[in-house]
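*Asks:* This is the structure I have questions about; it appears just below.
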Amino acid sequence: MKVDFFKHNLGDEEINEAVKSLRSLFLTTGKYVDDFEKALASYLDTKYAVAVTSCTAALHLALLAAGIGPGDEVITTPMSFVATANSIVMTGAKPIFVDVEKDTGNINTDLIKKAITHKTKAILPVHLYGQMVNMRKILSIAKKYSLLVIEDSAHALEAKRDGIKPGQISFGSCFSFYATKSITSAEGGAFTTNDEETARLIKKLRSHGITSELAQRERTGLKTYDVDVLGWKYNMDNVQAAILINQVKKIEKQWKRREEIAQKYRKAFAKIGLEMPREYKNSKHGRHIFPIWVDSKKRDQILEYINNNGVGAVINYPSIHLFTYYRNKFGFKKGMYPNCEEISKREITIPLYSKLTNNEVNYVIKIVGEAISA
Ligand SMILES: *Cc1c(COP(=O)(O)O)cnc(C)c1O
């Protein structure tokens, strides 16, 4: 049996809509993008969504919109995909890492205050694996020290904690529609916020700082435009938005299937004493990926056994601070963030997606069980 690490769930509805957009006059940012933004904002219960080409782009623009640049510091986690920290470096600011909770992998909010200096401008938490950090607590720290909070919600489209969804109480939240995320256009991203002025600024920054996009000029009959701020080229196009638009109404249904699979995994693995992240109370887990934590000395051997038996599995994530670029540029060293380093040595991500069949789920459970007892 072979169980792929990930299979997307694009069907006829998505493909037909994409074809329709390709047969239409207007290929780049236009009505499809507007409609997708409205649908996404509505799903997330935020006032505004701005669609861009990736979550990395959304993070970069969010930091720029927050006024962050050279000489500034941004507090974040070393346990994430490298995009999180890279987006900070792209602005010229310095990423300041804070170690993670040993039993969840999320940034340890108790350690944030100690990392704040007079250069700190923002906190960039990641809702790791789909579990939201304690946003109320982070917001209260941010308020006290006049910092902005930008969320990396690439794992947390469906998540909720203490009644709060990503993007509702922060400066804004960044999402990914990369190929393995829960909704996808192969590549894509979005920024959401409740603040109108921020949404407008991000919209301008995604298209070179141009004061009106082409579709808007067509609509209003404007013949020219101004550039009053330096922007980037991060606008989502209509084809991407056409692929995404019909996925929004399926988010909950597909999440439910992943939740069901995750519960099955948790029950089976608890029985054989396998360690997994602790799950918060009053929290809806986004179920982006399913991590297991094994003995670090045996991890590579276990991963190999799983892969050799036809099950796709990967490591999420290597510690960001130990990447060569980060060591060389900022002087980070082994031992600086021990909980993060420990998780990066113990973690294995196994398949979790709505297309998995019960047979496949049972096979994954069987192979993981064999791998850890081998
Ligand atoms: C996928 C991911 C990103 C980057 O998303 P892109 O859309 O590929 O730029 C950022 N942060 C986290 C935590 C991710 O998992």
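*Asks:* If packing is taken as the average count of other Cβ atoms within 10 Å, what order do 62-71, 354-363, 83-92 fall into, highest mean first? Spell out each step's value before the answer.
*Replies:* Working: 62-71: 18.8, 354-363: 15.4, 83-92: 21.3.
Ranked by mean Cβ neighbours within 10 Å, highest first: 83-92, 62-71, 354-363.
*Asks:* Beyond 21 Å, how much of the Cα-Cα pair distribution for the range 127-259 remains, as a whole percent? Show your work: numbers first, answer last.
*Replies:* Numbers: 4502 of 8778 pairs.
That fraction is 51 percent.
*Asks:* Can you give the Rg and Dmax of the range 93-188 based on its C-alpha atoms, in angstrom?
*Replies:* 13.6, 40
*Asks:* To continue, here is another question. Dipole magnitude of the range 70-147 about its Cα centre, charges +1 at Lys/Arg Cβ and -1 at Asp/Glu Cβ only, in debye to the nearest 20? Numbers along the way, then the final one.
*Replies:* Details: 10 positive and 6 negative charges, 68 e Å.
Computed about the Cα centre, the dipole is about 320 debye.
*Asks:* While we're looking at this one, here's another question. For q values of 0.13, 0.16 Å⁻¹, compute log₁₀ I(q)/I(0) with the Debye formula on a Cα-only model of the range 219-374, without solvent.
*Replies:* -0.81, -1.02
*Asks:* Right, next: Picking from ASN16, LEU59, PRO78, whose Cα lies most toward the positive end of the charge dipole for the chain (charges on Cβ: Lys, Arg +1; Asp, Glu -1)?
*Replies:* The one lying farthest along the dipole's positive direction is PRO78.
*Asks:* Subtracting the Cα-Cα distance from 0.36 nm times the residue separation, let me have the gained length for PHE5 to GLU370 in nm, one decimal. Intermediate values should be presented prior to the final figure.
*Replies:* Values: separation 365, 0.36 × 365 = 131.40 nm, distance 1.81 nm.
Going from the current span to full extension adds 129.6 nm.
*Asks:* Per q in 0.21 Å⁻¹, report the Debye log10 I(q)/I(0) for the range 248-309, using one uniform scatterer on each alpha carbon and no solvent.
*Replies:* The computed values of log10 I(q)/I(0) come out as -0.98.
*Asks:* Let me ask another. With N set to the residue count of the range 1-131, report its C-alpha Rg divided by 2.2 N^0.38 Å to two decimal places. Numbers along the way, then the final one.
*Replies:* Details: Rg = 18.9 Å, N = 131, 2.2 N^0.38 = 14.0 Å.
Its radius of gyration relative to the 2.2 N^0.38 Å reference: 1.35.
*Asks:* Figure the gain on full extension for GLU197 and MET90 (residue separation times 0.36 nm, minus the Cα-Cα span) and round it to one decimal in nm.
*Replies:* Values: separation 107, 0.36 × 107 = 38.52 nm, distance 2.29 nm.
Extending this stretch completely gives an extra 36.2 nm.
*Asks:* If you add up the charges near ARG278, with Lys and Arg at +1 and Asp and Glu at -1, over every other residue whose beta carbon is less than 13 angstrom from its beta carbon, what do you get?
*Replies:* Numbers: positive: LYS102, ARG266, LYS281; negative: GLU101, ASP103, GLU275, GLU279.
Computed value for this residue: -1.
*Asks:* Near GLY172, within a Cβ-to-Cβ distance under 10 Å, what is the net charge of the other residues, with Lys and Arg +1 and Asp and Glu -1?
*Replies:* Details: positive: none; negative: GLU151, ASP195.
Combined, the nearby Lys, Arg, Asp and Glu give -2.
*Asks:* Using per-residue counts of other Cβ atoms within 10 Å, averaged over each peptide, order 327-339, 278-290 from highest down.
*Replies:* Numbers: 327-339: 13.6, 278-290: 18.3.
Descending mean neighbour count gives 278-290, 327-339.
*Asks:* Let me ask another. What is the dipole size for the chain, taken about its Cα centre, with +1 at each Lys and Arg Cβ and -1 at each Asp and Glu Cβ, in debye to the nearest 20?
*Replies:* Working: 54 positive and 41 negative charges, 121 e Å.
Here the size comes out at about 580 debye.
*Asks:* Starting from a Cα-only point model with no solvent, please compute log10 I(q)/I(0) by Debye for the chain at q = 0.07, 0.10, 0.14 1/Å.
*Replies:* Reported log10 I(q)/I(0), two decimals: -0.31, -0.64, -1.21.
*Asks:* Could I ask something else about it? Toward the positive end of the charge dipole of the chain, about the Cα centre and with charges on Cβ (Lys, Arg +1; Asp, Glu -1), which of HIS127, VAL311, GLY167 goes farthest?
*Replies:* HIS127
*Asks:* Out of the chymotrypsin sites (Phe, Trp or Tyr not before Pro) in the range 105-172, which ones are loop residues according to DSSP with at most 10 other C-beta atoms within 10 Å?
*Replies:* Working: sites: TYR129, TYR145, PHE171; in loops: TYR145, PHE171.
Answer by residue number: there is no such site.
*Asks:* In whole Å, what is the distance between the alpha-carbon centres of the range 97-166 and the range 188-204?
*Replies:* 20
*Asks:* While we're on this one: For the chain, what does the relative contact order come out to in percent, with C-alpha contacts under 8 Å and a separation of six or more? List each step's numbers first, then the result.
*Replies:* Numbers: 769 pairs, mean separation 88.5, N = 374.
Rounded, it is 24 percent for the chain.
*Asks:* Give the separation of the Cα centroids, the range 305-369 to the range 19-83, in Å.
*Replies:* Result: 26 Å between the Cα centres.
*Asks:* Where the accessible area of the chain is counted over protein heavy atoms with a 1.4 Å probe, how much of it, in %, is carbon and sulfur?
*Replies:* Working: 8740 of 16600 Å².
About 53 percent, which is the carbon plus sulfur part of the accessible surface.
*Asks:* Accessible area per residue of the range 237-289 at 1.4 Å probe, in Å²?
*Replies:* On a per-residue basis, 50 Å².
*Asks:* Note down the net charge around LEU201, summing +1 for each Lys or Arg and -1 for each Asp or Glu among other residues with Cβ under 11 Å from its Cβ.
*Replies:* Values: positive: ARG200, LYS203, LYS204, ARG206; negative: ASP195, GLU196, GLU197, ASP228.
Once all neighbours under 11 Å are counted, the net charge is 0.
*Asks:* Once the Cβ-Cβ distance between MET276 and ASN16 is put in as r, and R0 is 35 Å, what FRET efficiency do you end up with, to the nearest 0.05?
*Replies:* After rounding, the FRET efficiency stands at 0.35.
The values are calculated or read from the model by the stated rules, or taken from the named source; none is laboratory data. Keep in mind the model is a prediction, meaning the values are calculated, not measured. Reconstructed Cβ throughout: ideal geometry from the backbone, glycine too, with neighbour counts over all protein chains shown. Protein only, heavy atoms only, side chains kept; ligands, DNA and RNA dropped before computing areas. Shrake-Rupley method; radii C 1.70, N 1.55, O 1.52, S 1.80 Å.
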